[in-house]
1. Give me the pairs: first residue in segment 246-259 and without any contact (Cβ under 8 Å) to a residue 24 or more places away in the chain, second residue of a type in the set (A, V, I, L, M), beta-carbon distance under 8 Å, and six or more apart or on different chains, which are they?
2. Can you find a residue that is among the small types (G, A, S), modelled with pLDDT of 95 or more and on the phi < 0 side of the Ramachandran plot anywhere in segment 353-362?
3. Cβ-Cβ below 7 Å, separation at least six or inter-chain, first residue in segment 295-307 and of a type in the set (F, W, Y), second outside any helix (DSSP H, G or I) and crowded, with 17+ Cβ neighbours inside 10 Å: which pairs?
4. Name the single residue that is nearest to the ligand (Cβ to nearest atom) among those in segment 359-381 being farther than 29 Å from G459 by Cα, over 23 Å from the mean Cα position of the chain (by Cα) and in contact (Cβ under 8 Å) with a residue 40 or more places away in the chain.
5. Restricting attention to segment 387-406, does a residue exist that is closer than 27 Å to L130 by Cβ, more than 16 Å from the ligand (Cβ to nearest atom) and touching an Asp or Glu at 6+ places or on another chain (Cβ under 9 Å)?
6. From the set of residues in segment 363-406 that are charged (D, E, K, R) and closer than 22 Å to D271 by Cα, which is surrounded by the most Cβ atoms within 10 Å (Cβ to Cβ)?
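The values are calculated or read from the model by the stated rules, or taken from the named source; none is laboratory data. Everything quoted here is computed from the prediction, not taken from an experiment. When we count neighbours, we look across all protein chains shown, and the Cβ atoms used for this are built from the backbone with ideal geometry, even at glycine.
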Amino acid sequence: MPSESPFGWSLAGGALRKRITPTLGGCGPSGAPRSAGPVRTFTVLLDRAGPQPGTTRADSLHYSGPSVGTETGRFEYHFPVPAEPRSGVHDMRLGNTINGLGIAVLVLVVALAGCAGEPENPYPVGSNILLLTVDTLRADHLSSYGYPRRTSPVLDRLASEGVRFEQPAVQWPKTGPSFASIFTSTYPKDNGIVRRVGMPLPQEFLMLAEVLRRQGYTTHAVVANGAVASDFNFNQGFDTYVETWKQELDGFDGDPNGAEAVNLHVRRVLDDIDRSKPFFLWVHYLDPHFPYVPPEDWADRFQDDEWFEPIRTIAIDQEKTKQQVTGIGHGQVLDGRDDLGFYIARYDAEIAYTDFQIGKLFEDLRGRGLMDNTLTVFTSDHGESLGDHAYYFDHGRFSFQTCLRVPLVLHYPGVLPPKVDRAPVELINLAPTILEAAGVELEEQGWMQGRSLTGRMLGWEPAGLRPLGGGLRHQGALAEDRQRSAVQTHLCSLSW
Ligand SMILES: [Zn+2]
């Protein structure tokens with residue numbers, strides 16, 4: 001005979017012999033509010049021993065997990081359920097008594113079935129969303145990620161005031177594929193955008209901006225990299241989509257794709273923004289991308305400083321214009337230099353310049369009163385190999401940490417308390433997080449493979465619910481040593 005749980009689920013087989021009582025009440029551990037998402041964890045206490053593993057059914061699912069036990073009668077155990085939400089019990093794990101105490105703990109992980117006492121969405125209604133991305137920015141070259149050079153005072157401050165993730169990973173270390181995953185919240189193996197830029201996003205994918213516009217947002221982007229051009233459908237859902245290389249700026253004679261130009265375009269957008277609606281603004285800077293040629297005032301900022309690497313030189317192939325593995329081609333040489341330290345200092349100067357310009361952007365937004373009530377998300381699409389593994393000034397061919405690991409900061413004073421989260425996290429989770437901040441019911445977003453980070457940022461959920469690197473089909477997120485070996489093999493067998 002089926003027996004009823006206090007949550008109204010039928011537990012088949014009569015295995016549950018006594019009524020179970022939630023020890024903590026409501027959803028989420030410790031009675032804390034939780035974020036919307038596919039995982040629900042209940043911790044409940046059985047007042048006498050439950051059934052043995054293998055004999056219990058919850059809906060149609062056999063219990064097959066390990067036994068867990070506790071002497072106190074309370075036990076919290078969290079684990080992910082399939083990303084596709086469905087009602088009912090997803091899994092059921094039972095802990096039987098130990099030491100003969102006659103107490104068992106039942107942990108039920110359920111999907112999105114209605115849950116009494118669901119917390120309010122923590123984000124204020126009408127929150128603005130500012131997505132700042134800097135192309136080719138590896139995390140370990142920012143001061144806030146431990147870099148000794150002072151490359152990023154503005155972003156460091158943002159990080160100190162927000163939630164800084166220590167180990168973010170992109171889904172694919174190339175611009176088009178990485179942003180395809182960010183904006184569709186799907187893995188490359190499922191959206192088909194892999195390996196290279198210039199692949200149009202299939203129109204059937206629902207993108208972040210499309211959902212936000214449907215939610216009543218005004219949506220704008222200023223992007224400086226042709227890899228996310230409207231030609232490849234990255235403009236889906238945007239009311240305004242400024243591609244810097246296609247636009248003139250009266251009276252400006254600097255780099256049309258540089259950070260200063262980006263800011264000037266943003267200013268134009270903000271001049272015309274509809275203040276009756278919340279906004280989603282995506283600003284994408286390109287400066288740290290090769291070639292490393294920052295504005296003159298910034299170019300020599302770190303040359304020959306105390307962190308300068310004076311020893312290593314780069315092999316230059318005089319026969320080839322471009323080469324990225326084992327050395328560089330003659331067409332890539334800057335200022336006639338072949339010392340690695342020069343190039344790294346130039347890369348760092350690009351970061352520092354971009355950081356300065358981001359400071360200008362913040363000033364502009366603050367001056368217009370547009371930073372209030374705003375979730376700011378800062379990240380990059382991929383890192384950069386700076387001669388690591390004999391791979392020079394490029395990204396996308398290999399899944400080294402230098403190319404996968406990017407900075408990630410979410411900043412919303414008064415909503416997200418400052419914190420450093422040191423567990424791995426994937427950028428595929430950004431879209432669900434942003435949508436939650438915009439008040440979108442996530443249950444409707446069945447296309448998403450990521451999940452909101454809100455609960456994790458607020459301490460409602462544990463970190464690390466998903467394994468890292470699920471999107472890298474060919475370039476699995478392998479351990480560095482294993483990958484190094486693979487690259488060496490590759491180098492021996494190919495001429496580049
Ligand atoms: Zn890129």
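1. Note: pairs meeting the criteria are L249/A261; L249/L264; F252/A261; F252/L264; P256/L249.
2. The answer is yes; a qualifying residue exists.
3. Listed by first residue and then by second, the contacts come to F302/R149; W307/R149.
4. K360
5. No, segment 387-406 has no match at all.
6. Selected residue: D364.
Okay, residues lined up against (1) among the small types (G, A, S); (2) in the same structural domain as V440 (by TED's automatic domain parsing); (3) buried (at least 16 other Cβ atoms within 10 Å of the Cβ):
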position: D250; (1), (2), (3): no, yes, no
position: N257; (1), (2), (3): no, yes, yes
position: N263; (1), (2), (3): no, yes, yes
position: I273; (1), (2), (3): no, yes, yes
position: S276; (1), (2), (3): yes, yes, no
position: W282; (1), (2), (3): no, yes, yes
position: E296; (1), (2), (3): no, yes, no
position: D305; (1), (2), (3): no, yes, no
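For (1) out of contact with any Leu (no Cβ under 7 Å at 6 or more places or on another chain); (2) closer than 30 Å to A437 by Cβ; (3) assigned to a strand (DSSP E or B); (4) within 16 Å of the ligand (Cβ to nearest atom), each residue gets a yes or a no:
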{"site": "H289", "(1), (2), (3), (4)": "yes, yes, no, yes"}
{"site": "P294", "(1), (2), (3), (4)": "yes, no, no, no"}
{"site": "I344", "(1), (2), (3), (4)": "no, no, no, no"}
{"site": "A349", "(1), (2), (3), (4)": "yes, no, no, no"}
{"site": "G383", "(1), (2), (3), (4)": "no, yes, no, yes"}
